[in-house]
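In what follows, a structure is listed as C-alpha cells, so that the remarks can point back to it.
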Amino acid sequence: MTATVTTPGPRRARVISKKAVLPWLFLAPGLLLALVFKFLPMGKGVWLSFFDVRPFLGDRWVGFDNYTRVLTDHRFQDVVGHTLVLGIGMSLGGIAAGFLLALLLEGQARSLKIIRTAVFLPVVTATAVVGEMWRLMYYPTSDGLINSGLGLFGLGPVPYLDNPDTALWATTAMGIWMLAPYNMVIILAGLAGVDRSLYEAAAMDGVSLWQRLRHITLPAIRPALGIVLTLAAIRGLRVFTEVYVLTGGGPAGSTDVWMTRAYTLGFSRNDIGGASAASVLLLCVTLLLTVTVNYFRKRGDVR
Amino acid sequence: MSAPAIDPVRTPVTATPARKSAGKQRTTPARFDTALGWSDRPGPAWALRVLLCALALGVFAAPFLTVFSGSFSEKASGSTLSFLPHHPTLLNFQVAGERGIWDYFGNSLVIAGGGLLLQLVVCTLAAYALARHKFRGQALILTLFMLTMMLPEEVIAIPLSLVLGHVPVVGLDLKGTVWGVILPLGAWGFSVMVLTEFMKDIPAEIEEAARIDGVGELRMLWQVILPLCKPALGVAGVLGFIMIWDQYLLPLIAAKDPTDYTVTVALSILRTDPEVGSGVVLAGAVIALVPSLIVYLLLQRSLVTGITAGATKG
C-alpha cells in the first residue's frame with residue numbers, strides 16, 4: 001500500500017488513471033444494455049407520444065393531441081376504472097389473504113414448512129400458465145372445476161369469464177390467488193421479527209387474542225405491510241399478462257385494463273402515438289405512487 | 001436505499017431465529033411462538049388449524065394437481081378435471097408435441113439459459129465495480145440500475161419493439177432472434193443490488209492479500225470474490241430464472257412469427273387451436289410448469305430469501 005504513495009509522479013498518475021477507468025469497464029456491459037433496452041425505449045416512448053407516427057410517411061408533431069385524445073376517449077376512461085378496481089381489489093385482497101395465510105402457517109414445525117412450500121406454488125408459476133389453469137377452472141358449464149364445487153352446494157353454474165358483470169371480479173380473484181402467497185412470505189418475515197416476550201407479557205396481563213393482534217402483531221409488521229402494499233399497488237396498475245391471457249380484455253371490454261388497451265392501440269390499431277401517450281401516463285402515475293408511498297413510509301416508520 | 005447491508009443467507013426469513021433460539025424455544029411454552037398462539041397438542045384449536053391448512057392447500061396447491069391429472073387424462077375437458085387421471089395416457093403430450101410444443105420449449109430453454117447467463121455475468125461485473133471500487137458518480141450509477149427495476153416492461157413495450165426492430169447505431173434487427181429477448185433482460189437492478197450488497201460485506205483484507213500476491217482485476221473477481229458470493233449468486237440466479245421464465249410480453253413483441261414464441265406464450269396457440277382439447281393445453285401447461293417447479297423445489301430457500309431481501313429494499 002505504502003509503495004503506491006512513494007512511487008514517482010508520472011507512474012503514479014498512470015496508476016490513478018487506470019484505476020479510474022477500471023470500474024467503468026466493469027460497468028460498461030450493464031450500462032450499455034440498460035441504456036439501449038430500457039432508457040432509450042423510455043425516452044423514445046415519451047418522444048413518440050407527441051407525434052402522429054406514420055410508417056414510411058414520416059412522423060408528424062402533434063403536441064399534446066395524443067394525450068387529449070386518449071384522456072377524452074370514453075373507452076380509455078372505462079379502462080382506468082377497470083384498472084383501479086382490479087388493482088385495488090388485487091392489492092387489498094392479496095394482502096388480507098396473505099396476512100391470514102401468514103397467521104395460519106407461522107411456526108417452525110416441519111409440516112408447516114411443507115405446507116408453506118405448496119401454498120407458495122402460484123408465485124413461481126409463470127403468469128401465462130396460471131391464466132390457462134384458471135380458464136379451465138372457470139369453465140362455464142356445471143362440470144367446470146369451480147362450478148362443480150358450487151354444484152355441491154346446489155348453486156347453479158356461473159359463466160365467470162363470459163359475463164361482463166362477473167369477468168372483472170373473476171380476474172381479480174385470480175390476481176389475489178397469485179399475490180397472496182407472495183405477500184405471505186414477506187409478512188411471515190415481519191412476524192418472525194416480533195418480540196416473543198411481548199406475547200408472554202400480554203398473556204400475563206390477560207389480554208384477549210384480538211387485542212394481542214391489534215396492539216402487538218399489527219404494529220410490529222406495519223413496515224412489512226407498507227412494502228407489500230406498495231409492491232401490490234404498482235403491480236396492480238401495470239397488470240397485463242394476467243388479463244391478456246385470461247380474458248384478452250373481453251367480454252365486451254369489461255376487463256380491458258390500462259396496459260391491454262395500450263397494447264391494442266399500439267400493436268393492433270397501429271396508433272403508436274396514442275399507445276405511447278397512454279404508457280407515459282401510466283408511468284407517471286406509477287412514479288407518483290412510488291414517491292408518495294415512500295414519502296409516507298419515511299415519515300411514518302423509522303426503519 | 002442505504003439500509004443495513006443485506007446478507008442473503010442471514011436475512012430474516014420465516015425460520016430465521018431458529019438457530020439462535022432453538023435452545024430457548026424448548027423452554028418457552030409453544031403458545032408464544034406464533035401470533036395466534038397455536039398449540040402443537042391435539043385439541044380443538046389444533047383441529048381447527050389442521051382444517052384451515054387443508055383449506056389453504058385445497059385453494060392454492062390442489063389446482064396444480066388437477067392440471068397434472070388432466071394432462072395425463074384420456075379425455076380432459078372442464079368436466080373431467082379431478083385429482084386422479086381418467087384412463088392415464090400420454091396422448092395429450094404426443095398431440096402437443098405434434099403441434100410443436102417441444103420447439104417452443106426449446107426456445108424457452110435457450111432464452112432462459114442464455115438470458116440468465118448474460119444477466120448473471122453483466123450484473124456480477126457491475127456489482128463488482130459498485131461494491132469494491134470507489135469512483136465518481138457511484139450513487140448515480142446505482143440509482144440508474146435501481147430504475148431498471150422500477151421501469152416496468154409493459155410501459156416501454158411499444159418503443160422497445162421499435163428498438164428491437166432496428167437497434168440504433170448498429171442497425172441490427174433483433175426481431176425473430178433469441179437475442180431480442182435475451183439482451184433486454186441483461187441488466188436487472190435486482191441482481192445488481194443483491195450482489196452489490198453481498199460483495200460489500202467481503203472483508204477488505206482478503207482482497208488486499210490477493211492484491212499483494214499480484215492478482216489482477218478479473219482474476220480477483222473470478223477466483224477471490226465470486227467463490228465467496230455463492231449464496232448471493234444463488235438468490236440472483238433463482239429469482240432471475242423465475243423472472244425470465246415468466247416473461248410474456250417481451251417474447252411476444254420480440255417474435256417475428258409464432259415459431260419464435262416461448263412455451264408460455266405458445267400456450268395461447270394451443271388453446272385457440274380448435275382441433276385440440278383442453279387436455280393438450282394442460283399438457284402444454286405442465287411442460288411450461290415443470291422447469292420452474294424443479295428450480296423452486298431445489299432452491300426454494302434462496303428464492304424466499306431473495307423475495308424478502310428484495311422487499312425490504314423496495
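The values are calculated or read from the model by the stated rules, or taken from the named source; none is laboratory data. What you see is a predicted model, and the numbers here were worked out from it, not measured in a lab. Positions of Cβ are generated from backbone atoms using ideal geometry, with glycine treated the same way; all protein chains shown enter the neighbour counts. Protein only, heavy atoms only, side chains kept; ligands, DNA and RNA dropped before computing areas. Shrake-Rupley method; radii C 1.70, N 1.55, O 1.52, S 1.80 Å.
Taking amide H as placed 1.01 Å from N in the peptide plane, A:Phe51 has its amide H under 5 Å from the amide H of A:Val62, each at least 5 places away in sequence or on another chain.
Taking a point 7 Å out from the Cα of A:Asp78 in the direction of its Cβ, the residues of region A:226-256 whose backbone N falls within less than 11 Å of it are A:250-256.
Taking A:Cys284, B:Cys229 and ordering them by how much accessible surface each has at a 1.4 Å probe, largest first, produces A:Cys284, B:Cys229. For region B:81-144 and region B:274-314, compute the distance between their C-alpha centroids and round to whole Å. The distance from the Cα centre of region B:81-144 to that of region B:274-314 comes to 11 Å. For region B:159-270, the solvent-accessible area with a 1.4 angstrom probe is 39 square angstrom per residue. Legend: helices of chain A (whole DSSP H runs) are marked when their alpha-carbon atoms reach 30 angstrom or more along the helix axis and their mean Kyte-Doolittle hydropathy is at least 0.0; marked are A:9-34, A:74-105, A:167-192, A:272-300. Given a 1.4 Å probe and the protein chains as shown, A:Arg54 ends up with an accessible area of around 80 Å². In this simple spin-label model, placing a label point 7 Å from the Cα along the Cα-to-Cβ direction at both B:Val121 and A:Ile114 gives a separation of 4.2 nm. Each residue of region B:279-296 is assigned a 3J(HN,Hα), and the resulting list reads x, 5, 4, 5, 4, x, 4, 5, 4, 6, 8, 4, x, 5, 5, 4, 4, 5 Hz, derived from the Karplus form 6.51 cos²θ - 1.76 cosθ + 1.60 (θ = phi - 60°), x at Gly and Pro. Computed with a 1.4 Å probe over protein heavy atoms only, the accessible area of B:Trp102 comes to about 130 Å². With the simple spin-label model, which puts each label point 7 Å out from Cα in the Cβ direction, the A:Asp59 to B:Val50 separation comes to 6.6 nm.
Rounded if a/c is under 1.5, else prolate if a/b beats b/c, else oblate: with a ≥ b ≥ c from the C-alpha gyration tensor eigenvalues square-rooted, which is chain A?
Numbers: a/c = 2.18, a/b = 1.10, b/c = 1.98.
Oblate is the answer for chain A, as a/c is 1.5 or above yet b/c matches or exceeds a/b.
Of the heavy-atom accessible surface of region B:110-253 (probe 1.4 angstrom), what whole percent is carbon and sulfur? Present the calculation step by step, with values, prior to reporting the outcome.
On the way: 3810 of 5630 Å².
Carbon and sulfur together cover 68 percent of it.
Over 26 Å apart at the Cα level, from the set B:Lys230/B:Lys256; A:Lys19/B:Lys200; B:Lys134/B:Lys230, are B:Lys230/B:Lys256. Is the protein assembly as shown rounded, prolate or oblate when judged by the Cα gyration tensor, a ≥ b ≥ c being the square roots of its eigenvalues, rounded requiring a/c under 1.5 and prolate requiring a/b larger than b/c? Cα axes put the protein assembly as shown in the oblate bin.
A probe of 1.4 angstrom, applied to the heavy atoms of all protein chains, finds A:Lys19 with accessible area near 140 square angstrom. Placing a label point 7 Å from the Cα of B:Met150 along the Cα-to-Cβ line, the residues of region A:258-286 whose backbone N sits under 17 Å from it are A:280-286.
Helix-only mean residue ellipticity at 222 nm, the protein assembly as shown, DSSP H runs n ≥ 4 weighted -39,500 (n - 2.57), per residue, nearest 500. What is it?
On the way: 30 runs with 405 residues, N = 617.
Rounded to the nearest 500, it is -21000 deg cm²/dmol.
What chain A shows is 48 Å² of accessible area per residue, with the surface traced by a 1.4 Å probe over protein heavy atoms. Both chains summed, the buried accessible area for B and A stands near 8500 Å², from protein heavy atoms and a 1.4 Å probe.
Please report, as a whole percent, how much of the solvent-accessible surface of chain A comes from carbon and sulfur atoms (probe radius 1.4 Å).
67
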